[in-house]
Amino acid sequence: MSSRNEGRLGPHAVPDVSSRSPESMSTPPPQVLNFITPTEFVELPSGGRYYPPNHPLHNESVIEMKHMTTKEEDILTSQALLKKGLALERLLESLIINKHVRVDDLLLGDKNALIISARAHGYGTTYETNATCPSCEEKQQYEFDLGALQSHSATEEYLESKNIILTDNNTFLIPLPTTDFVIEARLLTGHDEKAINKISEHKKKRNFPETPMTDFLRAFIISVNGVADANSLNGFINSLPALQARYIRKTYDKLVPNLDLKHDFTCSHCGHSDLLEVPLNADFFWSN
């Protein structure tokens, strides 16, 4: 088959090689074999609404991330990072294009959205894992559809129905039912999550009783009736009735902008129906 170059050179044209060095004639130029890594704009459940003005995501509805490569797989399989619980943090640091964004400063719902996006674009939207039925405790394979996850955030109607006020500092004033107390609370970040996990690990190592609800409340509540003294807050939290603590936790779940990570689950053994939440840890990237 003739090429278009033959027509330009003529039927008997011979390339001039007299000026070429022996090296250039025997060694072809190196080829660039790099893949072009695509990027995606991931929607933030918060819409950038709750970040302070000096934050790089203030009022930004999306964030640009690149797709996973073998470099990121190395991060996920690093035993040193897995042991320290830093694999997901390092993964997101590698994928986020804007290096001014710190993973620890992300709101937890936005962080979850980035983890889901990284998994979906790296390995597909189907996530198969072992699930344990909360009724009969039988283990079985369960399939999550990551592409079906929807984001949610507190609506103005919800805030009004609970008499919750959003302050100029992006904190929430939440009246506790049947009491005269109003707590001021804030949305948690990756930094808060890391601090709570560190407290939990510290207690486990020393065989101390774990206090997940108390630790959460200490991170979430920043003042009560305008009092922000740490000792006063600790006393308030330690004496808080369980009913009020549960109300605060449920309110937080409504306030935090997040992906709805719960899927309908029906046990194939006993028929029990429940909601299962997608587990977001390093194992999330590897189907069983």
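One Cα centroid belongs to segment 170-191, the other to segment 88-166; the line between them spans 23 Å.
Extension gain for Thr69-Asn234 works out to 54.8 nm (0.36 nm per residue, less the C-alpha to C-alpha distance). Across the chain, C-alpha contacts under 8 Å between residues 6 or more apart give a mean separation that, scaled by the residue count, equals a relative contact order of 17 percent. Evaluating 6.51 cos²θ - 1.76 cosθ + 1.60 at θ = phi - 60° for every residue in segment 43-50, the Karplus couplings come out as 6, 8, x, 6, x, x, 6, 9 Hz, glycine and proline recorded as x. Under a plain spin-label model, where a point goes 7 Å from the Cα along Cα-to-Cβ, how far apart in nm are Ile36 and Thr77? About 2.8 nm separates the two model spin labels. The chymotrypsin sites (Phe, Trp or Tyr not before Pro) found in segment 34-102 that occupy coil by DSSP, while having at most 13 further C-beta atoms within 10 Å, are Phe35.
Estimated from helical segments only, the mean residue ellipticity of the chain at 222 nm is -10000 deg cm²/dmol, where each DSSP H run of four or more residues counts as -39500 (n - 2.57). The slack in the chain from Arg102 to Cys136, taken as 0.36 nm per residue of separation less the alpha-carbon distance, amounts to 8.0 nm. Taking the structure as given and computing Kirkwood radius over Cα pairs in Å, which label from (1) 23.0; (2) 22.3; (3) 26.2 fits? Comparing each candidate, only (1) matches the computed number.
Residue separation times 0.36 nm, minus the C-alpha to C-alpha distance between Ala195 and Glu143: what's the value?
Details: separation 52, 0.36 × 52 = 18.72 nm, distance 3.14 nm.
Stretched fully, the Ala195-Glu143 segment lengthens by 15.6 nm.
Name the residues of segment 130-153 whose amide N is less than 15 Å from a point 7 angstrom out from the Cα of Asp274 along the C-beta direction? Zone members listed by number: 130-142.
Lysine pairs in segment 154-255 8 or more apart or on different chains: how many have alpha carbons under 22 angstrom apart?
Working: Lys162/Lys250; Lys162/Lys254; Lys194/Lys203; Lys194/Lys204; Lys194/Lys205; Lys194/Lys250; Lys194/Lys254.
Lysine pairs satisfying the spacing and distance rule in segment 154-255 number 7.
With both labels modelled 7 Å from their Cα along Cα-to-Cβ, the Asp180 to Asp168 distance reads 2.8 nm.
Each value in this text was obtained by applying a stated rule to the coordinates, not by laboratory testing. These numbers come from a predicted model, not from an experiment. Cβ: placed from backbone, ideal geometry, glycine included. Neighbour counts: every protein chain shown.
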